[in-house]
1. Residues that are free of Cβ contacts under 8 Å to residues at least 60 places away in the same chain and either polar (S, T, N, Q) or surrounded by 17 or more Cβ atoms within 10 Å (Cβ to Cβ) (or both): which helices (runs of 4 or more DSSP H) entirely in the range 72-145 hold 2 or more of them?
2. Confirm whether G62 is in contact with a helix residue (DSSP H, G or I) (Cβ under 8 Å, 6 or more places away or on another chain) and either assigned to a helix (DSSP H, G or I) or modelled with pLDDT of 90 or more (or both).
3. Using beta carbons and a limit of 9 Å, which pairs, at least six apart or on different chains, have the first residue in the range 271-282 and modelled with pLDDT under 90 and the second one among the polar types (S, T, N, Q) and outside any helix (DSSP H, G or I)?
4. For the range 26-53, which residues satisfy the criterion of being modelled with pLDDT of 85 or more and not aromatic (F, W, Y)?
5. Which of the numbered conditions does A160 fail, given that it passes all the others? Conditions: (1) touching an Asp or Glu at 6+ places or on another chain (Cβ under 6 Å); (2) buried (at least 21 other Cβ atoms within 10 Å of the Cβ).
6. Considering the range 350-369 alone, what residues qualify as being in a helix (DSSP H, G or I) and surrounded by fewer than 20 Cβ atoms within 10 Å (Cβ to Cβ)?
7. Pull out all pairs, ordered by first then second residue, where Cβ-Cβ is under 9 Å, the residues are six or more apart or on different chains, the first lies in the range 25-42 and is farther than 15 Å from Y145 by Cβ, and the second is hydrophobic (A, V, I, L, M, F, W, C) and in a helix (DSSP H, G or I).
Amino acid sequence: MALSWNEINDRAFAFSKEWAGTSNEEADAKPFLDAFFYVFGVYRNRVSFFEHRVKKLDNSNGYIDLLWKGVIVIEMKSLGKNLDKAFIQAKEYIHGLKEHEVPKYVLVSDFNTFRLFDTEEDKTIEFILADFVSHVKHFGFIAGYQKHVYKEQDPVNIKAAELMGKLHDKLKFIGYDGHPLEVYLVRLLFCLFADDTTIFDKDIFKEFIEFRTTADGSDLAAKLSELFFILNTPIENRLKIVDESLNAFPYVNGKLFEEPLPHAAFDSQMRTILIECCGLNWGAISPAIFGSMFQSVMNPIERRNLGAHYTSEKNILKLIKPLFLDELYIEFETVKLSKNKLNEFHKKISTLKFLDPACGCGNFLVITYRELRLLELLILRCLYKNQLATSIESIVWLNVDMMYGIEYEEFPARIAEVAMWLIDHQMNMAISNEFGSYFIRLPLKKAANIINKDALAFNWQELVSNEELDYILGNPPFIGSKIMKPFQREQIASEFDHKQGSGVLDYVTGWYLKAAKYIQNTKIKVGFVSTNSIVQGEQPGILWSQMSKYNTKILFAHKTFKWQNEAKGNAAVFCVIICFANYDSNNKIIYEYDDIRGEPHEVHVKNINPYLVDAKDTLLFKRRRPLCNVPEISFGNMPNDGGFFYLQMRKRSTFLYLNLKQKITSGN
């Protein structure tokens, strides 16, 4: 468990006093660094090595003063020595490290001056020993406190997903497949995150794999089975002579490790892959982004465009901000100066409930929960800015059980559940940073309510009553009417009571109508990301003639924009966002795009019709005959004819020439 910041600050102050005046690299460096790590509650010999040998660029041997693989390199010099040279020396040593050993930080020091370089952000901070307390939070990564600044296509997300994909393939190849494989990988995913984010003591999972299993991997599966059993066993119920390396793991609960699984099997290569996974900084990986990437590596076709299909955080915020977040922040600004009103507001947001009826790996739920926890943090700052909170657990009211999800496939449903625990822990660390006391929810007592069901065949009321729910959100499947499977086509026809024309509707329309039925006589707001095909052509008339039966009103909408994330080869999809409810509003907004790849501007309107324009709710329906005296069109310009309606430039010229020649010959 991580130390509280209050304890770390006390230790940092004591360290700066005790080691003032120290000067000799040869005599003092090792005890100095042992004491330095102790400030953060970490025993140096558990995580790092002194005098680690590496090959330098000139192929000669070099010796790193201290190496914590994947985390930090430290070079110590005697008092007054040139730290610029020490830094150059440290960077030379890094070239001799394996990829998973390359550190994020480089620290050089002469016992009085400290210079810390962040290799990823290309930033340097420098201070003297007497000011250590003022700069101690820069070293929060040693205790497990992470700065969470996520890049949507960060290489660490991709690397992690690729490594887990390799492990998946290896296990599947040996015959370990289906449900056991999916649960097994989700458990490993939790352990990897826990090892870097203070759920576990720093790196104990990595050490367990490296030092308690044989190099050929033959006993790794058995050791992991022991570990999973321990993680599901309360401390007081464990055997009194259990191996100390196992007993160091906490009791997790949450049913994550409850189900008995068949034994897997590993070889040396698979063990190496798992150790490489341990070498990544999982604290820098976003649960929202990684979940979708993790799912995609299980599919060899999707793996080629890793990350191309996940919903970016930017797109999620386009939905959740106008759906509820903007309103909550406006309300916060109006009540923040009144303690009573602020407490009431805090209680209000803690009782909100959200449902994503096509949640996948939980992206929308994770980002929604994170944003609510950040708002809660602002509330707590106002309430306790001039006093200490005696118990953080008693003042943090939001928990993951406010989130509900329905997912067709089991694997992403389980990833979503774990992702919610992980984002909850990250927010708990933010609270710990704010108030100086370490706060963790272990054993896990609550979980997000994620179920593995077919959302169009399942009664949503069985998961959460519409009398309790506040918001429905998400991005239901982007499957066009022409490519739906027979059972999906039948689901849509059934949802629309086999209404004539329902065969042209996209799959997502089933979620629209099911949500419209569910929210009857409530104040629930619904926001979906959808392909823009549902606001064009025949679909709006058929869809909204049914939606209007349930008094459904559109409250805001994003017109067509390009589905974007930072992945190479990202999905070429053009989307809209539609928010609707069972009541009307005088504050309706259309978000319009001058550039569909750019940012929108707001237009306040009186009404938003099914075509997402400011006009009356007029519906257009398919007709066989034109309104005026023009030639009939038999099919239109829809490009699903197999390519037979396309003309190359040469054939186009020939066609026009022959057509013109025929007209001249006939005299027309």
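The values are calculated or read from the model by the stated rules, or taken from the named source; none is laboratory data. Computed from a prediction, not measured in an experiment: that's the story for all the values here. Every residue, glycine as well, gets a Cβ built from its backbone with ideal geometry; the counts of neighbours run over all protein chains shown.
1. It comes to 83-94.
2. Against the criterion (in contact with a helix residue (DSSP H, G or I) (Cβ under 8 Å, 6 or more places away or on another chain) and either assigned to a helix (DSSP H, G or I) or modelled with pLDDT of 90 or more (or both)), G62 does not qualify.
3. Listed pairs, sorted by first residue: N281/Q146; W282/T197.
4. Matches in the range 26-53: E26, A27, D28, A29, K30, P31, L33, D34, A35, V39, G41, V42.
5. So A160 meets the others, but not (1).
6. S350 - this is the single residue of the range 350-369 that is in a helix (DSSP H, G or I) and surrounded by fewer than 20 Cβ atoms within 10 Å (Cβ to Cβ).
7. A35/F15; F36/F15; F36/F139; F36/I142; Y38/F15
Matching residues to (1) of a type outside the set (D, E); (2) assigned by TED's automatic domain parsing to the domain that holds F411; (3) within 25 Å of Y43 (Cα to Cα); (4) more than 29 Å from the chain's Cα centre (by Cα):
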site	(1), (2), (3), (4)
D196	no, no, yes, no
K202	yes, no, yes, no
R212	yes, no, yes, yes
G217	yes, no, no, yes
I235	yes, no, yes, yes
K255	yes, no, no, no
A265	yes, no, no, yes
Q269	yes, no, no, no
C278	yes, no, yes, no
